[in-house]
Each structure stands twice: as C-alpha cells, then as structure tokens.
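As structure tokens, the structure follows; a few thoughts come after it.
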Amino acid sequence: MRKPAHLLLALALTGFITAITLGAAAATDESIQPLAVGWQIQSAAMAQAGGADISTPKYATTGWHPASVPMTVLAALVQDGTYKDIYF
C-alpha cells in the first residue's frame, strides 16, 4: 500500500526536528552561546589582521564596538556611545 506524500513529509520533518533538538540537548560545551549576543564590530580600515586571524576565538577585539543581532552598524555605534546624538 502506498503512503500519502504528506504523511512521509511529516515523518521526515519530525525526524529532522528531533535530531536538531537532541543535538542541542546533548551539547554541554560552555562555549556555545546564542547567536544574538557576543558580537564585536570594527571598521575594516582599523582591523589590521586578515579574516583567518580575526575568525579565531583567541583574537583580541580590544577597542572594538559591541553589537548584537539583529542590529545595524549605526545602532551599535549609538548604543556604545560612539555617536552621542544622531539627530543633531
């Protein structure tokens, strides 16, 4: 007997979602953080290192501007006080 296509799709999606949930629950590494926090931004003209160096966890971002996601560059610079009054 042939199963309806929507039933097979629902079963496949359930298996996929379960795998993601189990993977997230099994991860106990303290270095895993939500993607919305912990970002730093800097002008490419000011960043002296290349992308391979900047992408490592040990790269020092001293003097960089904190940001979160979603956020524009301007919003990050206003939030950290770089721009005091953007309406003046």
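The values are calculated or read from the model by the stated rules, or taken from the named source; none is laboratory data. All of these numbers come straight from a predicted model, not from anything done at the bench. Just so you know, the surface numbers come from the protein's heavy atoms only, side chains and all, with ligands and any DNA or RNA stripped out. Shrake-Rupley method; radii C 1.70, N 1.55, O 1.52, S 1.80 Å.
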Item to check | Residues with amide H under 5 Å from that of Gln40, placed H, sequence gap 5 or more | outcome: Ala67
Checklist entry - At a 1.4 Å probe, what is the % contribution of carbon and sulfur to the accessible area of segment 35-88? => result 64
Checklist entry - Can you run phi through the Karplus equation (6.51, -1.76, 1.60; θ = phi - 60°) for segment 46-56 and list ³J(HN,Hα) in whole Hz, with x for Gly and Pro? => result 8, 6, 8, 8, x, x, 5, 6, 5, 6, 7
